[in-house]
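Peer 1: Before we start, here is the structure in question, set down as C-alpha cells.
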Amino acid sequence: MSLDTQQQILIEQRVGNDSRSALVAYLLLIFAGGLGIHRFYLGHTGSGVAMLVLLIVGVLTTPILIGFALLLALGIWWIVDLFLIPGMVNRQRDELRRNLRAEYLARQPAA
C-alpha cells in the first residue's frame with residue numbers, strides 16, 4: 001500500500017508544524033548550553049541529564065581542581081553539539097514522518 005499525493009502533502013505539513021526547530025535548539029545551546037536544555041528539547045533526555053550532572057559536579061569540584069577537567073569536557077561537548085544539532089533535528093523529523101506514514105497506512109482500508 002502507498003499513500004496518495006494529498007496524504008503525503010498532509011504528512012509533510014504535519015512534520016513541518018510538529019517537528020523541533022533547529023533555530024530554537026541553537027538558541028538553547030548558546031544561551032543555556034551547559035545545562036543541556038537543548039538536548040531535552042530535542043528528545044535526548046539521557047544526554048541532557050548527563051550534561052546537567054557534569055555541570056553541577058564540575059562546579060562543585062572546582063575547589064579541588066577536578067572540576068576544571070569536567071567543565072573542559074562539558075565545553076568540548078558544547079562545541080561538538082554545534083555540529084550535531086542539524087542531524088538530531090533531521091532524525092527527529094524522519095521519525096515523526098515514519099510514525100505519521102504508519103498511522104495513515106493503518107487507517108487505509110484493506111484492499
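Peer 1: Return yes when residue 11 is closer than 20 Å to residue 76 by Cα and among the β-branched types (Val, Ile, Thr) and no when it is not.
Peer 2: Here the answer is no, as residue 11 does not meet what is asked.
Peer 1: Within region 7-21, take every residue that is open to solvent by less than 70 Å² (accessible area, probe 1.4 Å) and within 14 Å of the chain's Cα centre (by Cα) and give me the one that is modelled with the lowest pLDDT.
Peer 2: Filtering first and then ranking leaves 19.
Peer 1: Right, another one. In this structure, is residue 24 in contact with a Phe, Trp or Tyr (Cβ under 7 Å, 6 or more places away or on another chain), aliphatic (A, V, I, L, M) and open to solvent by 50 Å² or more (accessible area, probe 1.4 Å)?
Peer 2: The answer is yes for residue 24.
Peer 1: For region 85-102, which residues satisfy the criterion of being exposed (fewer than 12 other Cβ atoms within 10 Å of the Cβ) and within 13 Å of the chain's Cα centre (by Cα)?
Peer 2: Once the filter is applied, which keeps residues that are exposed (fewer than 12 other Cβ atoms within 10 Å of the Cβ) and within 13 Å of the chain's Cα centre (by Cα), region 85-102 yields only 87.
Peer 1: Moving on to the next point. Looking at 105, 70, 55, 82, which is the one that is in contact (Cβ under 8 Å) with a residue 12 or more places away in the chain, within 18 Å of residue 33 (Cβ to Cβ) and surrounded by fewer than 13 Cβ atoms within 10 Å (Cβ to Cβ)?
Peer 2: On inspection, the qualifying residue turns out to be 82.
Peer 1: Shifting gears a bit: Please work out which one of (1) open to solvent by 60 Å² or more (accessible area, probe 1.4 Å); (2) of a type in the set (S, T, N, Q); (3) over 30 Å from residue 4 (Cα atoms) is the condition residue 61 fails and give its number.
Peer 2: (1)
Peer 1: State yes or no: is residue 4 among the charged types (D, E, K, R), out of contact with any helix residue (DSSP H, G or I) (no Cβ under 9 Å at 6 or more places or on another chain) and open to solvent by 60 Å² or more (accessible area, probe 1.4 Å)?
Peer 2: The answer is yes for residue 4.
The values are calculated or read from the model by the stated rules, or taken from the named source; none is laboratory data. Note that the coordinates shown come from a computational prediction; the quantities given were computed from them, not determined experimentally. Note that each Cβ is placed from the backbone with ideal geometry, even for glycine, and that neighbours are counted across all protein chains shown. Protein only, heavy atoms only, side chains kept; ligands, DNA and RNA dropped before computing areas. Shrake-Rupley method; radii C 1.70, N 1.55, O 1.52, S 1.80 Å.
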